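K.L.:
Take this structure first; my questions come after.
The values are calculated or read from the model by the stated rules, or taken from the named source; none is laboratory data. Keep in mind the model is a prediction, meaning the values are calculated, not measured. Please note: Cβ atoms are built from the backbone with ideal geometry, for glycine as well, and neighbour counts cover all protein chains shown.
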Amino acid sequence: MSSLVVQSGQRLRAGLVAEPAGFWALVVVVLYAAVAGGVWLGWWGGDWSALAGPGWAGPSADHWLGTNRLGQDILARALAATATAFEIGVLVALTTTAIGGLAGGLAGYSSPGWADEIVLWLMGTLDAIPFYLLVAALAFALHGHAWAMHLAMIATFWTTTARLVRAETQRIRRLPFIEAARVAGLRPRSIIVRHILPNTAHILLVQTTLVFIAAIKVEVVLSFLGIGTQDSISWGVMIAEGSQDILAGQYGNFVVASLFLFGLVMAFSLLADQLQDSLDPRTRDSRWQPHG
């Protein structure tokens, strides 16, 4: 294990101890992840589409949070939607962070050069396209395929990470240990992967959490509009149903889905702030030592 990873872990533990809000946010995130894991393992939430009871039934021993207008268990649907949120959030966050990190590292290391110009042009072009218009276009091109939403988020969310990594790479590449790596005959690809990207880990980790949050919120909005999740349940679908139920004086769907969404987004936001404070060298008093 590299000294950078060890130092980052120590700073993060110290930050979580010093800031109880960050620690409890991590606990909440772990609980949500456990709920999603239970759904994937089939322990709960698997019967979210079953017509398990009468429509709009109140909370009871059989249905802890009641049922919707079709008689489907609201708690089972909320638990299954948690798994959907994690599936989308993790996939989009990890993919966009990897793409943005590699693209930003390549652009920053080669700046000024043709690779940097191509990456900058691509980022500018993607940022100029309205996101929801891109989603609609992909959904139409893919005939409503469930992956249209994922592809739209992955295609656009990597640009912010790439810009941050590019700026940090431009700073790092002037440090002595990068010059030493060049003198030693390492290829640019090896320098980027082995030396530059490890030293942007603080950016990549924080961006992963932020993209996770953004992906979940976008998925909820798109599902609410009917162009998001197609083959499973989502908090956005529940909120869309709940907006109609409110007219009939039924608030279960809307309130439960909103609270589940609020809890996860708030916890991840607090955790992202804690990661930023603990790992970003620009927000710490301690001196950052590069990984050579």
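K.L.:
For Glu179, state whether it is in contact (Cβ under 8 Å) with a residue 24 or more places away in the chain and among the acidic types (Asp, Glu).
P.N.:
For Glu179, the condition - in contact (Cβ under 8 Å) with a residue 24 or more places away in the chain and among the acidic types (Asp, Glu) - is not met.
K.L.:
Can you name the residue in segment 225-271 that is of a type in the set (A, V, I, L, M, F, W, C), touching a helix residue (DSSP H, G or I) at 6+ places or on another chain (Cβ under 7 Å) and more than 17 Å from Ala83 (Cα to Cα) and is also surrounded by the fewest Cβ atoms within 10 Å (Cβ to Cβ) among such residues?
P.N.:
Ile246
K.L.:
Taking the options Ile227, Ile192, Ile213, name whichever one is in contact (Cβ under 8 Å) with a residue 60 or more places away in the chain, more than 23 Å from Gly263 (Cα to Cα) and part of a helix (DSSP H, G or I).
P.N.:
Step by step, each of Ile227, Ile192, Ile213 is checked, and only Ile192 is in contact (Cβ under 8 Å) with a residue 60 or more places away in the chain, more than 23 Å from Gly263 (Cα to Cα) and part of a helix (DSSP H, G or I).
K.L.:
Can you tell me which residue in segment 25-57 is surrounded by the fewest Cβ atoms within 10 Å (Cβ to Cβ), limited to those that are touching a residue at least 40 places away in the same chain (Cβ under 8 Å) and farther than 30 Å from Leu275 by Cα?
P.N.:
It comes out as Ser49.
K.L.:
What residue, of Val119, Val135, Val90, is farther than 19 Å from Lys217 by Cβ and either surrounded by fewer than 16 Cβ atoms within 10 Å (Cβ to Cβ) or touching a residue at least 40 places away in the same chain (Cβ under 8 Å) (or both)?
P.N.:
Val119
K.L.:
Working only within segment 138-165, note down all residues that are touching a residue at least 40 places away in the same chain (Cβ under 8 Å), surrounded by fewer than 17 Cβ atoms within 10 Å (Cβ to Cβ) and small (Gly, Ala, Ser).
P.N.:
Gly144, Ala146
K.L.:
Would you confirm, using the coordinates I've provided, whether Thr67 is of a type in the set (Ser, Thr, Tyr), surrounded by 12 or more Cβ atoms within 10 Å (Cβ to Cβ), in contact with a strand residue (DSSP E or B) (Cβ under 7 Å, 6 or more places away or on another chain) and at pLDDT 90 or above?
P.N.:
So Thr67 passes the test.
K.L.:
Suppose we keep only residues that are more than 15 Å from Val206 (Cα to Cα) and not aliphatic (A, V, I, L, M) within segment 14-32. Which one would you say is modelled with the lowest pLDDT?
P.N.:
Glu19
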